[in-house]
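Structure record follows, encoded as structure tokens.
Every number here is computed from the coordinates shown, using simple stated rules; none is lab data. These figures come from a predicted structure and were not determined experimentally. Neighbour counts run over all protein chains shown; Cβ positions are idealised from the backbone, glycine included.
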Amino acid sequence: MAKVIVDAGPLVAYFDRSTREHRWVRDQFEQLDDPLLCCQPVITEVLFLLKRDGLNPDWVLAMIERGDLLCNFDLPGEVPSLRRLLHQYRNLPASLADVCLVRMSEIHPDGVVLTLDRDFLTYRRNKRQTIPLLAPFL
């Protein structure tokens, strides 16, 4: 299977059994052999959302510690590319986490973005290429 780049939504849904997408995300995670790829802005978002909802944010940190979730995106080294993407999507609600994931999909052309966010249908990598997605709305 291709490398899986994970967005915040699926991570929250995986740990929050009350979400509508929990079962779908759990089923996707069970099919994966390789670690998920991620970035620090997504982790920040997930930790905030889990804590806000009264769930244990340590679960995500434990995934990183075990090597199930790799956060080796070089944010400082990618600033020029992130600026370009933020400018490209200035009229959309693109967050730093979103543009990091778009950039990660450029860096890992064999990767797919696991997301619950329909904005990824609009985002493009390398300016014009659709981003391969793993999403319940497809």
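For region 4-134, the relative contact order works out to 30 percent when only alpha carbon pairs closer than 8 Å and six or more residues apart are counted. For the residues LEU96, LEU82, LEU121, a GNM of the chain with alpha-carbon springs under 10 Å puts the largest fluctuation on LEU121.
Hey, fewest Cβ within 10 Å first, where do ASP58, ASP33 land in order?
In increasing order of surrounding Cβ atoms, one gets ASP33, ASP58.
Net length available on complete extension from ASN56 to PHE137 is 26.4 nm, with 0.36 nm assigned per residue and the Cα-Cα distance removed. The label-point distance for THR122 and LEU86, in a model that sets each label 7 Å from Cα toward Cβ, rounds to 1.8 nm. Among ASN72, ASN126, ASN91, the largest mean-square fluctuation in a Gaussian network model of the chain (Cα springs under 10 Å) belongs to ASN91. What shape does region 39-91 take by its C-alpha gyration tensor, where a ≥ b ≥ c are the square roots of the eigenvalues and a/c under 1.5 counts as rounded, a/b above b/c as prolate, and the rest as oblate? Verdict is oblate for region 39-91. Relative to the longest principal Cα axis of the chain, at what angle does helix 96-107 sit, 0 to 90 degrees, rounded to 10? Helix 96-107 sits at roughly 70 degrees to that axis. Secondary-structure-derived ellipticity at 222 nm for the chain, considering helices only, amounts to -13000 deg cm²/dmol, per-run term -39500 (n - 2.57) for DSSP H runs with n ≥ 4. Under the simplified labelling scheme, the THR130-ASP68 pair shows an inter-label distance of 3.1 nm, with each label point 7 Å from Cα along Cα→Cβ. For the pair ASP110 and ASP16, label points projected 7 Å from Cα toward Cβ lie 3.4 nm apart.
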